[in-house]
Every structure is written in C-alpha cells, then in structure tokens.
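Asker: Pasting a structure below so you can have a look.
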Amino acid sequence: MIYIYYSYLSKENHESLLKNDLPKFPVDYQEKIKRYRRWQDAQLSLLGRIILFKGIEEIYKHNPYDKVIKHTKYSKPYFDNDLIQFNISHSGDIVVCALNDKHEIGIDVEIVSDIEIDEFKDQMTENEWKNIVLANNIKRSFFDYWTQKEAVIKAHGHGLSIPLKSFEILDNTTKIDEEKYYLKEMKIDERYKCYISLKTNISEISIKKYTINPII
C-alpha cells in the first residue's frame with residue numbers, strides 16, 4: 001500500500017504551527033525554519049515534516065519523533081535503519097508526502113502555471129517534445145511530462161546528476177540504467193499535476209488530506 005498525505009498553506013494558522021508543532025522537532029531544524037524570510041517557505045517545509053510524521057503515527061503506529069532524518073550525498077532524505085520510505089514535494093500552496101514500507105518512492109507536485117515552455121525543450125526527448133506541442137492543451141501536457149520526470153528522478157535518488165533528457169516517459173513507465181520505473185498520476189487538485197514513481201507496479205493507494213488545527 002502506498003500512502004499519500006497532503007495539506008495546504010494556512011496563513012491564519014502559521015503562528016499556531018510554530019508554537020505547537022515546530023518545537024516537536026530537533027533544534028537545528030527549528031532554527032532552519034526560523035531563518036526563512038517568507039512564512040510560506042517556512043510553512044511548506046514544516047508541513048512536509050508534519051504530514052510525514054502524522055502518516056507514520058497513523059499507519060505504522062510508531063513514534064516518529066524518535067527518528068532522525070538524514071540525507072544522502074544527493075540530498076535525498078531518509079530515516080537511518082528504518083524500513084519506512086518517504087518522499088515530499090511542494091508547489092504553490094500545497095505540500096504532498098508519499099510513504100510506504102517496501103520501496104524507494106518519488107513524488108512530485110507542480111502547479112500548472114504560465115511559463116515559457118520553449119525554454120524547457122532541451123529537457124525533453126524528441127518524442128516527448130513532439131507529444132507536448134501537438135497536444136490539445138500544451139501547458140498541461142508539458143507539466144504531465146515534467147512532473148513524471150521529476151518523480152522518477154526522486155525515486156532513483158541521484159537527483160540532478162541524472163539529466164531529464166536521458167530517459168523517456170512512455171505509457172507511465174521509463175528506464176534508467178536498465179532499471180524500470182512505474183508512474184501513476186495522483187489527482188489531488190485540478191490546479192496541479194502530481195505523480196508518484198516506484199520500481200514496481202503501483203497498485204493500492206490511500207490519499208488523505210491533513211487539515212491544520214485551528215489557532216489556539
């Protein structure tokens with residue numbers, strides 16, 4: 001089972017999050033959050049951890065606050081000596097978290113916005129670009145491919161060392177170094193594109209919205 005948690009930014013509850021939730025995390029992480037200049041950036045990061053730990057509590061009945069988040073040399077976060085695999089992404093005013101206890105996983109969410117799509121042509125294969133420019137909705141087609149590629153990169157775990165153009169998305173699958181990756185779209189919000197990726201066929205998925213507690 002793959003579990004997806006997501007939440008939206010809430011300006012009116014920001015101080016409540018800082019007061020009630022931030023102190024639960026390590027001091028170095030608290031200091032990192034306090035260094036953000038924009039409340040939106042601080043909350044996106046904090047919400048990612050909150051929904052990750054909420055998922056661990058609800059699904060696996062563990063105390064997540066005993067766990068230490070580390071990072072690989074490619075900056076992918078993970079729990080040391082733990083079977084729980086997770087990945088977090090945010091865009092616009094939404095943050096999403098995917099977790100399971102069997103496979104490396106990647107998730108990416110992107111708000112479908114007005115950008116100069118031609119500037120990203122060199123990130124796509126010839127066939128991908130052809131499909132984008134011939135699509136009925138070029139913008140949404142571009143974000144389909146972009147989000148899928150980012151999800152695969154995150155599942156692979158080597159980050160920007162893997163050029164996006166070096167692999168091709170075809171029918172929700174792709175290969176990197178002969179390893180096959182599967183993709184599935186998460187239809188969470190029509191303003192966004194969201195995909196998850198694993199090295200195995202994606203079957204059952206549970207999606208849960210996390211609502212920020214009211215101000216106390």
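Bear in mind these aren't lab numbers, they're just calculated from the coordinates by the rules spelled out. These numbers come from a predicted model, not from an experiment. Positions of Cβ are backbone-derived with ideal geometry, glycine not excepted, and every protein chain shown enters the neighbour counts.
Asker: Going toward the positive end of the dipole of the chain, with +1 on Lys and Arg Cβ and -1 on Asp and Glu Cβ, which of Ile169, Pro26, Met1 do you reach last?
Answerer: Toward the positive end, the furthest listed residue is Pro26.
Asker: Using only helices, what value at 222 nm comes out for the chain when you add -39,500 (n - 2.57) per DSSP H run of length 4 or more and divide by the total residues, to the nearest 500 deg cm²/dmol?
Answerer: Result for the chain, helices only: -8500 deg cm²/dmol.
Asker: Give the Rg/Rh ratio for the chain, taking Rg as the radius of gyration of the Cα atoms and Rh as the Kirkwood radius, to two decimals.
Answerer: 0.97
Asker: Next question, about the same structure. What would the Debye equation give as log₁₀ I(q)/I(0) for the stretch 73-130 at q = 0.13, 0.16 Å⁻¹, counting only Cα atoms as equal point scatterers?
Answerer: -0.55, -0.74
Asker: Here's a follow-up. Which of rounded, prolate, oblate describes the stretch 90-216, given a ≥ b ≥ c as roots of the alpha-carbon gyration tensor eigenvalues and a/c under 1.5 marking rounded, otherwise prolate only if a/b is larger than b/c?
Answerer: Taking the square roots of the gyration eigenvalues as a ≥ b ≥ c, the stretch 90-216 is oblate.
Asker: Right, here's the next one. Around Gly159, with a cut-off of 12 angstrom between Cβ atoms, what is the net charge of the other residues, counting Lys and Arg +1 and Asp and Glu -1?
Answerer: +2
Asker: Between Glu58 and His71, 0.36 nm times their residue separation minus their Cα-Cα distance comes to what?
Answerer: Extending this stretch completely gives an extra 2.3 nm.
Asker: Here is a further query. For the pairs Lys34/Lys193; Lys67/Lys209; Lys61/Lys175, flag any whose C-alpha to C-alpha distance is greater than 25 Å.
Answerer: In this structure, Lys34/Lys193; Lys61/Lys175 exceed 25 Å between Cα atoms.
Asker: Count charges around Gln85 for me, please; just the other residues with Cβ under 14 Å from its Cβ, Lys/Arg as +1, Asp/Glu as -1.
Answerer: For residues surrounding Gln85, the net value is +2.
Asker: Moving on. How much net charge surrounds Asp28 when only the other residues with a Cβ under 12 Å from the Cβ of Asp28 are counted, with Lys and Arg +1 and Asp and Glu -1?
Answerer: Taking every Cβ under 12 Å from that of Asp28, the sum is +2.
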